[in-house]
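Worksheet: one structure, shown below.
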Amino acid sequence: MPFEIVRNDITKMAVDAIVNSANPRPVVGLGTDSMIHAAAGPELLAARKKIGPITAGNAAITPAYNLQARYVIHTVGPVWDGGTYGEAQLLRSCYDSSLKLALAHGCKSIAFPLISTNNYGFPKDKALQIAVAAFSAFLLEHEMQIYLVVFDRTAFRLSEKLFHSVASYIDQHYVDNWVRTVYGPEGSTRQQQLRRRRDRELYEASMVCDEALPAPCAPKAIRLEDLLKQADCGFSERLIQLLNQSGLKNAAVYKKAQLSKQHFSKILSNPSYQPTKPTAIALALALELDLDGVQDLIGRAGYTLTNSSKFDLIIRYCIEHKEYNIVQINAILYEFDQSLLGQ
């Protein structure tokens, strides 16, 4: 999975590069900067001093010394001052510069904090959107495992508008709410009577039709062999059909789905391949299918989206709102304590 949100201490991440939200001067700052220097040892500060000052939006790289990583990438985030002084552009530059350095040094994995959100006061919801945009753009062009590391839930926040919109959607569509809407708070005796009466009428009508059938017209038993011959194509075959119809290149689809090239090739080459539900959904989202198309594709792997699962409802919300960016969708899933796509 090229992008994951993890709750951890960033100094304990076993990755090629850890990103440090650094002080612009070669001194040990507060927060993440202090934690990383303490875990890496005094050699890290000595290496940082050799670099000298770093201006906001830029990045520099040093060895990681006693950390489990190979490198520490030091980037200086902007101080939030109302958002009218180019803070968003500078923060985006922090992510872009750090990823560019990691790529140049052959890194296959990198761990980021949510830069500038603590002592520098950058609003967490805005900072998250900038990080998501930077990671999404990078992963469409390059392959690297990116981790966004949050120490606790207070370090992470979707925009209030998005959070409440998703929460409202979940509340409106949960099965219990649907049952209350249809049958009333007590199960509505009148509604139940009407349903039983309708079912009884349908049953009686079917009995009349059955009795009226002459013997020669009675339905024949269907053989299992005949049913199997009529079976629809499986997940992999349908996926290939959709790829051909979309005109998209394979690389564009597996990158959007956050899958490796090897995994994607394995799916396409095996007609009997049985993907996990997150993988099936990720591929449907990468193809930007509507709700019926998603249900059809994942149904061929034996899955469905229901109103009884918060995870499923979030996926449905994203499809209905044409949100197909899996990095963003995983941020929403994380906020609601759900498993992420690809994990």
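The values are calculated or read from the model by the stated rules, or taken from the named source; none is laboratory data. The model shown is predicted, which means the values in this text are computed figures rather than measured ones. FYI the Cβ positions are ideal-geometry reconstructions off the backbone, even for glycines, and counts take in every protein chain you see.
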Worksheet entry | Of the criteria (1) over 19 Å from the mean Cα position of the chain (by Cα); (2) of a type outside the set (D, E, K, R); (3) within 23 Å of I170 (Cβ to Cβ); (4) crowded, with 17+ Cβ neighbours inside 10 Å, which one G299 fails | (4)
Worksheet, complete the sentence: The condition from (1) crowded, with 18+ Cβ neighbours inside 10 Å; (2) assigned to a loop (DSSP other than H, G, I, E, B); (3) at pLDDT 95 or above that R316 misses is numbered (2)
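Report whether or not G29 is of a type outside the set (F, W, Y), at pLDDT below 95 and surrounded by fewer than 19 Cβ atoms within 10 Å (Cβ to Cβ). Give the derivation first.
Working: of a type outside the set (F, W, Y): yes; at pLDDT below 95: yes; surrounded by fewer than 19 Cβ atoms within 10 Å (Cβ to Cβ): yes.
Yes, satisfied.
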Worksheet item: Of the residues in the stretch 1-41, how many are within 28 Å of the chain's Cα centre (by Cα), part of a helix (DSSP H, G or I) and hydroxyl-bearing (S, T, Y)?
Response: 2
Worksheet item: For the stretch 107-117, what are the residues that are surrounded by fewer than 18 Cβ atoms within 10 Å (Cβ to Cβ) and out of contact with any strand residue (DSSP E or B) (no Cβ under 8 Å at 6 or more places or on another chain)?
Response: none
Discussion item. For the stretch 43-73: of the residues being of a type outside the set (F, W, Y) and in contact with an Asp or Glu (Cβ under 7 Å, 6 or more places away or on another chain), which is surrounded by the fewest Cβ atoms within 10 Å (Cβ to Cβ)?
Written reply: R70
Worksheet entry | Subset of the stretch 321-343 that is part of a helix (DSSP H, G or I) and touching a residue at least 60 places away in the same chain (Cβ under 8 Å) - its residue that is nearest to the chain's Cα centre (by Cα) | N330
Worksheet item: Any chance the stretch 265-275 includes a residue that's among the aromatic types (F, W, Y), in a helix (DSSP H, G or I) and free of Cβ contacts under 8 Å to residues at least 40 places away in the same chain?
Response: no
